[in-house]
Every structure is written in C-alpha cells, then in structure tokens.
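Beneath this line is the structure, given in structure tokens, with notes to follow.
Read the figures in this text as sums done on the coordinates, not as results from a lab. The structure displayed is predicted, hence computed values, not measured ones. Note that each Cβ is placed from the backbone with ideal geometry, even for glycine, and that neighbours are counted across all protein chains shown.
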Amino acid sequence: MAALVLFEIIIFAVFAMVLMRQQRTELNQRLGRRLESQVLLVAEQGSMALDDGHPEALQRVVVSAAAAPSMTAAQITDLQGRTIASSDPTMVGKLVLSAQEKSYLHRLTGPAIFSASARTWEGVGPIRQNGEVRYLVWIYPNEALDRQDLRSLMSVTALWALCVLAGGTIIAGLLARSITGQLDVLTRATRRLIYDPEDTGAFPLPVRSANEAADLTLAFNRMVAAMQDQRAGLNETLALLDSMLANAPIGFAFFDRKYRFVRVNQFLADMNGYSFALHLGRGVSGIMPPEAAAELEQSIETVFRTSEPIRDLELSWETEPGHARSWVAHLYPVRTDPDTTRWVGAILVDTTEQKRAEEALRRSEKLAAAGRLAASIAHEINNPLEAVTNLLFLIRQEELSPPTARFADLAQQEVARVSEITQQTLRFYRQSTLPAQTNLREVLDSVLRLYLGRIQALQVEIRREIEAELPLFCFAGELRQVFANLIGNALDAMTPGGGRLVIRARNVRHAGVEGVRVTVGDTGSGITPEARRHIFEPFFTTKEATGTGLGLWVSEQIIRKHNGTVRFRSSATPPNTGTVFSLFFPCAGIEAAGRAVDVTNQLKVRAVR
C-alpha cells in the first residue's frame, strides 16, 4: 500500500514538474511577444514626437505606456544612460541603469527582450530621429497576472492529483485487504518471530480464507509448533549446560584455531583474575604467562591436528619469586561434524593449593618425625644421664686433687645442661591438654636456653628485659612454640658475626585490660613490603626449601586462641634494618578461654563415662 501511494506521488510530482515547466515556457514566450510589441509601439510614438519637433511629448508617451495593466513602469534614457522621461518623475535626470542594462546603450539596433533577474523581464528599444538612434525606451512588464495564472493552473493540477491519489489509495486498500489480508497477518507474525524467537503468542494464526495464502498459513502454524517443541528441548539442555558451566568448581574454556578464548565460565575467570568479558576473543598468551601459554597452545594445536584428547596436562609457572601456580588441564576436540574439529574444549583444575598442601604435609611429616625422634632420643638419653650423674656424685665423695675436683665440677655442670636440653625437647613434644597458670618468664628462659648454642655460634648479643613474675593462665607448650618460632625467625634473619636480639616482657594495662606484653626485636635483614602483606598467610615463606610457610600462621592462630593480639613493624632498607613483634595477652581473656576449654573437656569426659 505504501509503495503504491509513493508511486502515485512520484508520478504526480513528475507530471506537475513537466506541466509547470511547459506552462512557464509558454508564459515566458507570451510575455516576450507582448513586451516586444509594447517596446515597438512606445519607440514608434517617441520617434514620431521627435520628428514632429515635440520632445516634450516623450514624457506623455512614457506615462501613457506605464498606465497599461500589463506594465509596471517605463522610462526613456539617452545613450549615456541618463533618464530623459520616466513614469516616475523623480527619476528624471538620474543615472539609474544597472550594469546589465548599460550593456545595451551603444550596441542596440532593434528591440531586445532580456531577463534582468530570475523572476523579472525587461524590454528595450531604440527611438530614432531622422533614422539615427537618439534615445532608448525601457519597458518593465507586470508579471503578477502571469504568475497568478500559473498558480491557478498548479492549484487545479494539485487538486486533481489529490483526488486521483485518494481514489487510487482507497481502491488499492480495498484490493489489498480483500486479496492480501491473510498474507499481511502472516507477514506481521513472521516479523515478530524474527525479532523475538520466543514470542509465539500470536500462533496458531487464524485462517480467514481458502486460497493459497491460507494453505501457507497452515503450514507455517505447523512449522512454528515443531520449532516450539525443539526449542523447549534445546532450552532444557542449554540450561543444564549453563548451570554446569557456571557452578562447577572447575574451569571450562573453549578455544578456536588461533588459540583464542571462545567461551569461559566464571570460575575460570576468577582463577585467572580477569573478568569474563576480557577473556572472550583474546589469545592464551594475553591471559596466561608466556611459559604456560606456549605449552597450552602447543597442546591445543595437537588436539586440532590429531582430533585426540590430551589428559592430565600439568601447567605451572611462577607468579612471583618463590611462589608458583599449577594447573591440570584436560583437552578434548569439539566437532561440528564427524570429520571436522571446530573448537578445542578444556577442563582446567587449579592444583596450586593441593601442591602446597602436599608439600607442607611432607614437610610437616618430616618435622613430626623429627620431633618424635628427638623426643625418643631425649627420653633415652635421660637414663644414661642419670647414671653419669650418680657416678659423678660418687666420684665427688672420694678424695680428689684440686684439678680433678675442678674437672668433676665442670663435668657435672655440662651433664646438667644436657639434662635441661632434653627436658626442654620433651616439653615441646609433650604438651598438656588443659591450660594452667604459668610464669611466662620460665617459658621465655626455656626457649632461650634451647637456642643458646645457636646464639653463641652467630655471636648475637642478647638483651633480656623480663620481669620476674609474669603469671598467665595459658597453654604453656603452645606459647613456647610461638616464642620459639619468633626467636628462630629472628636468628634466621641475622648473619653470623653480629646482631642484637631484644626480649622484653612486662605486665601492662592496655585499653583498660590487664595483661602481659612480650616484645621480640632483632637487627636482622627485615621483611620486604611485599612479604609483609602475606606474612600471616599459610604456606607463605621466604626461606624457600627450608621453610614450610606455617610458622607465623600457626603462631597467629595460637595468639588468637589465647585472645591475644600481635603487631609488627619492620624495615628492610639499610642501614636501619630489623623487625619487632609485639604480643599482648589479656589475663582475663586467657583465663576465660581456658575455663571454656576446661568445661568442654569435662563435658567430654562425662560423656565418655
């Protein structure tokens, strides 16, 4: 319908343009003939007035000519362009000709008609006296009547065209409604279906006729019904797949032949640390480190070439010095037909924590085995130590020379020192299951005695500022482990040949709470700013093969267990390097925690009984 109306409008516009052009040409020709005859008439009257010796009659001739309905103005000028007579008396004696009009002053031999502008015509003719051109007459026609005739013609034409257009539109509309109504319904429904394939509310379409369009509508209804059934099954399958991809605790990815990510799930995006959108369209090398990306790209190429899956591909790389990540990848071909591999799918499992846990477990087993062995050795050493002690006692009962007595005393002192070391070793291994009132000074002294040999070997200066009585209700073995870890780390940070280790412990009142503050400071190498952010994380270590990454993490757990707090400050910039750990244990909080544990243990005992 719209095409038909547009076609009729175009036909009307073309017809109107042709008609208007033709009418305008005819009007211009008619105007030119009329203007030429008027110029000849006025020029002849002027020539007669001059031949009769009445030049003053030129003004009457001009006024008479301008009075005609088809004229607007007239004037007579000499050959220099000065006005001699004019229908407007004020113009007499003036030079009023335009540049175009002046071009006719000296070359005019007969009447001339020309267009002074796009919508104005003029006529000019010579006035002769005795056969010689003396003056020029200028005639300005009234074109308003001609334009009015043209507008009237165009109005009639437009009215006729509108009537034809309305009649044709009505007839075409009736024909379209009677012939193509069914097709129109089918077309609208098809467009809705194309715009939104899920919008099938208009189906089945009504059938209002018995022609070919009705048969086409019935076939289309059957096709849409079949599509709905297929879409329902496909949507269920896609929902299952999307749910699996979105919620599976492993990474899924699909790659094209240029090793670009076609699709990933959110779990893999979180594993990589990039958003979901940044993965799509980017290559493997743009997401993963070069060494891991090269290995994965090579495996993807192998799957594309052989159409065979690759399982248990281990990928590992260092995120920063001393910290590695590891993945296990399973690659498989995704075929769109039996002979063509369109994409390569990948199932990626992050085994970093598993690797760390396995390594920590191996180290923990080694430490546990070493602890059991040390405890066993300490226990076995006690028996011969007691025998040696008794023998030294019997030797001292005899008459000894002064040098021999002095040697016996030294031997007894060293045996006592060995006995103390064995007792401290057994205390680390054998810990009480219940908290008890403990003097923190004794715990710190026992740890320092344990490290005395290492302190002397490193030539470390010890500064002890420990109050005599530091009562705490706590797990003494666990606090001994915390202090041993802090002192051991401090000694590890100091190189042989110098350094200072400061141990302070005193009763304080912090934020209105009674407690004990313990400070362990060293002049070692300090902790780097990067390491400070991860210092209390499990499996984080800067000691590479000699550390498990569990010492400070376990220490923090023990401090929290005792309702304590830990703060530290460190500098790794020479010359003022070193680290200070400050621990605070509230007495009331520790006692409350201990009582809670005691009550829990009693309940367990009662339950067992």
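Centre-to-centre, using Cα atoms only, region 68-86 and region 456-471 are separated by 130 Å.
Of the peptides 508-514, 518-524, the ranking by mean beta-carbon count within 10 Å, highest at the top, reads 518-524, 508-514.
At an R0 of 60 angstrom, the distance between the Cβ atoms of Glu236 and Ser582 translates into a FRET efficiency of 0.45. Within the straight-line cut-off of under 14 Å between alpha carbons, the aspartates and glutamates reachable from Lys102 are Asp78, Glu122, sequence neighbours fewer than 8 places apart in one chain being disregarded. Stretched out straight at 0.36 nm per residue, the stretch from Glu465 to Met154 would grow longer than its current Cα-Cα span by 100.4 nm. Structural size metrics of region 432-603, computed from C-alpha coordinates, are Rg and Dmax of 16.4, 56 Å.
By the Kirkwood approach, averaging reciprocal distances over each pair of separate Cα atoms, region 2-142 gets a hydrodynamic radius of 16.6 Å. Each of the peptides 228-238, 301-311 was scored by the mean count of other Cβ atoms within 10 Å over its residues; in descending order, highest first, they stand as 301-311, 228-238. Which FRET efficiency value, to the nearest 0.05, is calculated for Arg107 and Ala13 with the Förster distance at 51 angstrom and r the Cβ-Cβ distance? Computed FRET efficiency for Arg107 and Ala13 comes out at 0.75.
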